[in-house]
1. Taking Asp113 as the residue in question, decide whether it is farther than 16 Å from Thr15 by Cβ, over 12 Å from the mean Cα position of the chain (by Cα) and at pLDDT 95 or above.
2. Show the residue pairs meeting these rules: Cβ distance below 9 Å; 6+ apart or different chains; first residue within region 202-221 and assigned to a loop (DSSP other than H, G, I, E, B); second residue open to solvent by 80 Å² or more (accessible area, probe 1.4 Å) and of a type in the set (A, V, I, L, M).
3. How many residues are part of a helix (DSSP H, G or I) and open to solvent by 60 Å² or more (accessible area, probe 1.4 Å) when one looks only at region 65-76?
4. Can you find a residue that is more than 15 Å from the ligand (Cβ to nearest atom) and either at pLDDT below 95 or of a type in the set (Phe, Trp, Tyr) (or both) anywhere in region 145-167?
5. Just for region 82-101: of the residues that are away from the ligand (no atom under 11 Å from the Cβ) and under 23 Å from Ala24 (Cβ atoms), which one is most open to solvent (accessible area, probe 1.4 Å)?
6. Out of all the residues in region 27-49, which are near the ligand (Cβ under 10 Å from one of its atoms), among the hydrophobic types (A, V, I, L, M, F, W, C) and in contact (Cβ under 8 Å) with a residue 40 or more places away in the chain?
7. Somewhere in region 133-149, is a residue surrounded by fewer than 16 Cβ atoms within 10 Å (Cβ to Cβ) and in a helix (DSSP H, G or I)?
8. Could you list all residues from region 204-251 that are among the basic types (Lys, Arg), touching a Lys or Arg at 6+ places or on another chain (Cβ under 7 Å) and more than 15 Å from the ligand (Cβ to nearest atom)?
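The values are calculated or read from the model by the stated rules, or taken from the named source; none is laboratory data. All values derive from a computational prediction rather than experimental measurement. Don't worry about glycine lacking a Cβ; one is built from the backbone with ideal geometry, like all the others, and counts go over all protein chains shown. Ligands, DNA and RNA are stripped out before the accessible areas are found, and what is left, the full protein with its side chains, is counted by its heavy atoms. Shrake-Rupley method; radii C 1.70, N 1.55, O 1.52, S 1.80 Å.
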Amino acid sequence: MTSPFDLTGKVAIVTGANTGIGQAIAVALARAGADVACVGRTSAAETVAQIEALGRRAINIAADLSTIAPVNRIVDEAVDTLGGFDILVNNAGIIRRADAVDFSEADWDAVIDTNLKSVFFLCQAAGRHMIGHGGGKIINIASMLTFQGGIRVPSYTASKSGIGGLTKLLANEWARKGINVNAIAPGYIATNNTAALQADEVRNKSILDRIPAGRWGDASDLGGAVVFLASSAADYVQGHILAVDGGWLAR
Ligand code: NAP
(Lines give C-alpha, C1' and ligand atoms only; values in the text may rest on other atoms or scores of the structure.)
Protein backbone atom coordinates (compact mmCIF):
# COMPACT_ATOMS: atom_id res chain seq x y z
CA MET A 1 0.00 0.00 0.00
CA THR A 2 1.28 3.46 -0.87
CA SER A 3 2.02 5.72 2.09
CA PRO A 4 -0.29 8.75 2.32
CA PHE A 5 2.84 10.78 3.02
CA ASP A 6 4.54 9.73 -0.22
CA LEU A 7 5.40 12.71 -2.45
CA THR A 8 6.82 10.73 -5.37
CA GLY A 9 6.06 12.52 -8.65
CA LYS A 10 5.24 15.81 -6.92
CA VAL A 11 7.10 19.07 -7.49
CA ALA A 12 7.58 21.67 -4.75
CA ILE A 13 8.61 25.32 -4.86
CA VAL A 14 10.38 26.40 -1.64
CA THR A 15 11.43 30.01 -1.08
CA GLY A 16 14.52 30.84 0.97
CA ALA A 17 15.82 27.32 0.44
CA ASN A 18 19.55 28.10 0.66
CA THR A 19 19.76 27.95 4.46
CA GLY A 20 17.96 27.37 7.76
CA ILE A 21 14.36 26.22 7.84
CA GLY A 22 13.89 26.53 4.07
CA GLN A 23 16.83 24.26 3.36
CA ALA A 24 15.60 21.67 5.86
CA ILE A 25 12.09 21.82 4.36
CA ALA A 26 13.38 21.40 0.80
CA VAL A 27 15.44 18.37 1.80
CA ALA A 28 12.56 16.84 3.81
CA LEU A 29 10.21 17.17 0.82
CA ALA A 30 12.84 15.56 -1.43
CA ARG A 31 13.35 12.74 1.06
CA ALA A 32 9.58 12.11 0.84
CA GLY A 33 9.89 11.89 -2.96
CA ALA A 34 9.38 15.40 -4.34
CA ASP A 35 11.46 17.31 -6.87
CA VAL A 36 12.17 20.84 -5.66
CA ALA A 37 12.60 24.33 -7.14
CA CYS A 38 14.74 26.24 -4.63
CA VAL A 39 13.98 29.97 -4.80
CA GLY A 40 16.08 32.73 -3.28
CA ARG A 41 18.36 35.71 -3.62
CA THR A 42 21.39 33.65 -2.49
CA SER A 43 22.27 30.57 -4.55
CA ALA A 44 20.82 27.36 -3.15
CA ALA A 45 23.55 25.27 -4.80
CA GLU A 46 24.22 23.38 -1.55
CA THR A 47 20.53 22.48 -1.14
CA VAL A 48 20.28 21.48 -4.82
CA ALA A 49 23.27 19.15 -4.34
CA GLN A 50 21.71 17.57 -1.24
CA ILE A 51 18.44 16.95 -3.10
CA GLU A 52 20.19 15.51 -6.16
CA ALA A 53 22.13 13.18 -3.83
CA LEU A 54 18.73 11.82 -2.76
CA GLY A 55 17.99 11.00 -6.41
CA ARG A 56 15.48 13.82 -6.95
CA ARG A 57 15.50 16.70 -9.40
CA ALA A 58 16.31 20.16 -8.05
CA ILE A 59 16.77 23.58 -9.63
CA ASN A 60 17.80 26.96 -8.32
CA ILE A 61 15.59 29.94 -9.20
CA ALA A 62 17.31 33.25 -8.45
CA ALA A 63 14.77 35.73 -7.10
CA ASP A 64 14.76 38.63 -4.67
CA LEU A 65 11.40 38.55 -2.89
CA SER A 66 11.72 42.01 -1.36
CA THR A 67 9.40 43.02 -4.24
CA ILE A 68 6.73 41.08 -6.12
CA ALA A 69 8.54 41.56 -9.44
CA PRO A 70 9.75 37.93 -9.67
CA VAL A 71 6.57 36.05 -8.68
CA ASN A 72 5.25 35.19 -12.15
CA ARG A 73 8.72 34.29 -13.39
CA ILE A 74 9.17 31.88 -10.45
CA VAL A 75 6.02 30.02 -11.43
CA ASP A 76 6.97 30.03 -15.12
CA GLU A 77 10.50 28.72 -14.45
CA ALA A 78 9.20 25.91 -12.23
CA VAL A 79 6.65 24.92 -14.89
CA ASP A 80 9.10 25.17 -17.80
CA THR A 81 11.93 23.30 -16.06
CA LEU A 82 10.17 20.78 -13.84
CA GLY A 83 6.94 20.36 -15.84
CA GLY A 84 4.62 21.99 -13.30
CA PHE A 85 4.33 22.05 -9.54
CA ASP A 86 2.01 20.81 -6.81
CA ILE A 87 3.39 22.34 -3.60
CA LEU A 88 4.41 25.89 -2.63
CA VAL A 89 6.21 26.62 0.64
CA ASN A 90 6.48 30.34 1.44
CA ASN A 91 9.44 30.31 3.80
CA ALA A 92 11.64 33.31 2.87
CA GLY A 93 11.45 35.96 5.56
CA ILE A 94 13.37 38.62 7.44
CA ILE A 95 13.23 40.21 10.88
CA ARG A 96 14.24 43.69 12.11
CA ARG A 97 14.63 44.50 15.80
CA ALA A 98 14.18 47.90 17.51
CA ASP A 99 12.03 49.39 20.25
CA ALA A 100 8.59 50.40 18.96
CA VAL A 101 9.28 54.07 19.78
CA ASP A 102 12.36 54.03 17.52
CA PHE A 103 11.13 51.71 14.76
CA SER A 104 11.79 53.11 11.26
CA GLU A 105 9.52 53.17 8.23
CA ALA A 106 12.27 51.40 6.26
CA ASP A 107 12.29 48.48 8.73
CA TRP A 108 8.49 48.38 8.64
CA ASP A 109 8.29 48.30 4.83
CA ALA A 110 11.16 45.85 4.31
CA VAL A 111 9.63 43.22 6.58
CA ILE A 112 6.03 43.65 5.42
CA ASP A 113 7.06 43.60 1.74
CA THR A 114 9.09 40.38 2.04
CA ASN A 115 7.14 38.48 4.71
CA LEU A 116 3.58 39.38 3.70
CA LYS A 117 3.17 41.17 0.36
CA SER A 118 5.43 38.84 -1.64
CA VAL A 119 3.87 35.83 0.07
CA PHE A 120 0.37 36.88 -0.99
CA PHE A 121 1.35 37.56 -4.59
CA LEU A 122 3.33 34.33 -4.88
CA CYS A 123 0.28 32.49 -3.49
CA GLN A 124 -1.82 34.27 -6.11
CA ALA A 125 0.51 33.31 -8.97
CA ALA A 126 0.77 29.72 -7.71
CA GLY A 127 -2.96 29.51 -7.02
CA ARG A 128 -3.79 30.57 -10.59
CA HIS A 129 -1.62 27.70 -11.85
CA MET A 130 -2.95 25.16 -9.33
CA ILE A 131 -6.60 25.99 -10.04
CA GLY A 132 -6.02 25.08 -13.69
CA HIS A 133 -4.04 21.94 -12.87
CA GLY A 134 -6.00 19.90 -10.34
CA GLY A 135 -5.16 21.77 -7.14
CA GLY A 136 -2.18 21.64 -4.82
CA LYS A 137 -0.80 22.42 -1.39
CA ILE A 138 0.33 25.81 -0.11
CA ILE A 139 2.21 26.00 3.18
CA ASN A 140 3.09 29.37 4.66
CA ILE A 141 5.69 29.73 7.38
CA ALA A 142 4.11 31.59 10.29
CA SER A 143 5.62 32.08 13.78
CA MET A 144 4.87 32.11 17.49
CA LEU A 145 4.20 35.80 16.73
CA THR A 146 1.19 34.73 14.68
CA PHE A 147 -0.33 34.05 18.13
CA GLN A 148 1.64 36.31 20.47
CA GLY A 149 2.90 39.89 20.48
CA GLY A 150 6.63 39.44 20.89
CA ILE A 151 8.85 42.39 21.76
CA ARG A 152 10.93 44.85 19.68
CA VAL A 153 9.77 43.29 16.37
CA PRO A 154 6.63 45.25 15.39
CA SER A 155 6.75 44.71 11.63
CA TYR A 156 7.64 41.03 12.07
CA THR A 157 4.71 40.47 14.44
CA ALA A 158 2.38 42.31 12.03
CA SER A 159 3.66 40.25 9.08
CA LYS A 160 3.35 36.88 10.81
CA SER A 161 -0.06 37.72 12.31
CA GLY A 162 -1.03 38.67 8.75
CA ILE A 163 0.19 35.29 7.52
CA GLY A 164 -2.28 33.61 9.89
CA GLY A 165 -5.21 35.59 8.49
CA LEU A 166 -4.08 35.22 4.89
CA THR A 167 -3.72 31.46 5.27
CA LYS A 168 -7.33 31.22 6.49
CA LEU A 169 -8.67 33.55 3.79
CA LEU A 170 -6.99 31.60 1.00
CA ALA A 171 -8.22 28.32 2.49
CA ASN A 172 -11.76 29.70 2.47
CA GLU A 173 -11.51 30.78 -1.17
CA TRP A 174 -9.58 27.84 -2.58
CA ALA A 175 -10.59 24.73 -0.58
CA ARG A 176 -13.32 23.94 -3.15
CA LYS A 177 -10.77 24.34 -5.93
CA GLY A 178 -8.64 21.49 -4.57
CA ILE A 179 -6.00 23.67 -2.95
CA ASN A 180 -5.09 23.14 0.70
CA VAL A 181 -3.69 26.29 2.31
CA ASN A 182 -2.14 25.83 5.74
CA ALA A 183 0.73 27.24 7.78
CA ILE A 184 3.45 25.97 10.07
CA ALA A 185 4.36 28.09 13.10
CA PRO A 186 7.90 27.20 14.14
CA GLY A 187 8.85 27.83 17.73
CA TYR A 188 12.36 28.95 18.59
CA ILE A 189 14.59 27.35 15.96
CA ALA A 190 18.36 27.82 15.90
CA THR A 191 19.03 29.62 12.55
CA ASN A 192 20.43 32.95 11.30
CA ASN A 193 17.03 34.52 12.07
CA THR A 194 17.46 33.87 15.80
CA ALA A 195 21.25 34.28 16.06
CA ALA A 196 20.85 37.56 18.03
CA LEU A 197 18.57 35.88 20.57
CA GLN A 198 20.84 32.87 20.96
CA ALA A 199 23.81 35.20 21.52
CA ASP A 200 21.99 37.22 24.21
CA GLU A 201 22.62 35.25 27.43
CA VAL A 202 19.61 36.65 29.27
CA ARG A 203 17.11 36.17 26.41
CA ASN A 204 18.58 32.76 25.60
CA LYS A 205 18.07 31.55 29.17
CA SER A 206 14.53 32.92 29.46
CA ILE A 207 13.59 31.28 26.15
CA LEU A 208 15.07 27.92 27.11
CA ASP A 209 13.44 28.02 30.55
CA ARG A 210 10.03 28.42 28.90
CA ILE A 211 10.30 25.68 26.25
CA PRO A 212 8.84 22.44 27.69
CA ALA A 213 11.13 20.41 25.39
CA GLY A 214 14.09 22.19 27.06
CA ARG A 215 15.99 22.94 23.86
CA TRP A 216 16.02 25.18 20.81
CA GLY A 217 14.43 23.51 17.80
CA ASP A 218 16.56 22.32 14.91
CA ALA A 219 15.46 23.23 11.37
CA SER A 220 15.05 19.50 10.68
CA ASP A 221 12.31 19.42 13.36
CA LEU A 222 10.01 21.07 10.76
CA GLY A 223 10.38 18.24 8.22
CA GLY A 224 7.57 15.98 9.42
CA ALA A 225 5.01 18.79 9.58
CA VAL A 226 5.78 20.05 6.08
CA VAL A 227 5.68 16.58 4.53
CA PHE A 228 2.32 15.96 6.23
CA LEU A 229 0.77 19.23 5.01
CA ALA A 230 2.19 18.70 1.50
CA SER A 231 0.80 15.16 1.24
CA SER A 232 -2.58 13.57 0.57
CA ALA A 233 -2.69 12.75 4.31
CA ALA A 234 -3.69 16.42 4.77
CA ASP A 235 -6.35 16.57 2.02
CA TYR A 236 -9.06 17.62 4.52
CA VAL A 237 -6.85 19.98 6.55
CA GLN A 238 -7.59 23.61 5.67
CA GLY A 239 -6.57 26.97 7.11
CA HIS A 240 -4.71 25.32 9.99
CA ILE A 241 -1.66 26.82 11.68
CA LEU A 242 0.41 23.92 12.96
CA ALA A 243 2.78 24.86 15.77
CA VAL A 244 6.07 22.98 15.89
CA ASP A 245 7.41 24.58 19.01
CA GLY A 246 8.58 22.06 21.61
CA GLY A 247 5.46 22.98 23.61
CA TRP A 248 6.05 26.77 23.79
CA LEU A 249 2.39 27.68 23.20
CA ALA A 250 1.19 25.09 25.70
CA ARG A 251 3.01 26.87 28.51
P1 NAP B 1 17.21 32.47 7.91
O2 NAP B 1 18.24 31.42 8.16
O3 NAP B 1 17.54 33.89 8.07
O4 NAP B 1 16.57 32.22 6.47
C5 NAP B 1 15.72 33.13 5.85
C6 NAP B 1 15.61 32.77 4.39
O7 NAP B 1 14.81 33.76 3.71
C8 NAP B 1 16.98 32.78 3.71
O9 NAP B 1 17.01 31.79 2.72
C10 NAP B 1 16.99 34.15 3.09
O11 NAP B 1 17.90 34.29 2.04
C12 NAP B 1 15.56 34.24 2.61
N13 NAP B 1 15.23 35.60 2.26
C14 NAP B 1 15.19 36.68 3.07
N15 NAP B 1 14.92 37.78 2.35
C16 NAP B 1 14.77 37.38 1.06
C17 NAP B 1 14.49 38.05 -0.14
N18 NAP B 1 14.32 39.38 -0.21
N19 NAP B 1 14.41 37.33 -1.29
C20 NAP B 1 14.59 36.00 -1.26
N21 NAP B 1 14.88 35.30 -0.15
C22 NAP B 1 14.97 35.99 1.00
O23 NAP B 1 16.00 32.25 8.90
P24 NAP B 1 15.04 30.99 9.18
O25 NAP B 1 14.92 30.92 10.65
O26 NAP B 1 15.43 29.78 8.43
O27 NAP B 1 13.67 31.61 8.64
C28 NAP B 1 12.87 30.97 7.67
C29 NAP B 1 11.43 31.36 7.91
O30 NAP B 1 11.01 30.85 9.19
C31 NAP B 1 11.18 32.87 7.98
O32 NAP B 1 9.94 33.18 7.38
C33 NAP B 1 11.12 33.14 9.47
O34 NAP B 1 10.39 34.29 9.78
C35 NAP B 1 10.44 31.88 9.94
N36 NAP B 1 10.56 31.58 11.36
C37 NAP B 1 11.76 31.32 11.94
C38 NAP B 1 11.83 31.01 13.29
C39 NAP B 1 13.11 30.68 13.99
O40 NAP B 1 13.07 30.51 15.22
N41 NAP B 1 14.23 30.57 13.32
C42 NAP B 1 10.66 30.98 14.05
C43 NAP B 1 9.45 31.27 13.45
C44 NAP B 1 9.41 31.57 12.10
P45 NAP B 1 19.39 34.89 2.33
O46 NAP B 1 20.20 33.76 2.90
O47 NAP B 1 19.83 35.34 0.98
O48 NAP B 1 19.23 36.02 3.31
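1. Working: farther than 16 Å from Thr15 by Cβ: no; over 12 Å from the mean Cα position of the chain (by Cα): yes; at pLDDT 95 or above: yes.
In short, no.
2. Pro212/Ala250
3. Filtering region 65-76 down to residues part of a helix (DSSP H, G or I) leaves 71-76.
When the remaining residues are screened for being open to solvent by 60 Å² or more (accessible area, probe 1.4 Å), the result is 72-73, 76.
Of the residues in region 65-76, 3 are part of a helix (DSSP H, G or I) and open to solvent by 60 Å² or more (accessible area, probe 1.4 Å).
4. no
5. Asp86
6. Taking region 27-49 first, the residues near the ligand (Cβ under 10 Å from one of its atoms) are 38-44, 47.
Then keep just the ones that are among the hydrophobic types (A, V, I, L, M, F, W, C); that gives 38-39, 44.
The one that is near the ligand (Cβ under 10 Å from one of its atoms), among the hydrophobic types (A, V, I, L, M, F, W, C) and in contact (Cβ under 8 Å) with a residue 40 or more places away in the chain: Val39.
7. Start the filter on region 133-149 by keeping residues that are surrounded by fewer than 16 Cβ atoms within 10 Å (Cβ to Cβ), which leaves 133-134, 148-149.
Now restrict to residues that are in a helix (DSSP H, G or I): none.
No - not one qualifying residue is present in region 133-149.
8. Step one: filter region 204-251 for residues among the basic types (Lys, Arg), giving 205, 210, 215, 251.
Restricting the remaining residues to those that are touching a Lys or Arg at 6+ places or on another chain (Cβ under 7 Å) gives 210, 251.
Answer for region 204-251, where residues must be among the basic types (Lys, Arg), touching a Lys or Arg at 6+ places or on another chain (Cβ under 7 Å) and more than 15 Å from the ligand (Cβ to nearest atom): just Arg251.
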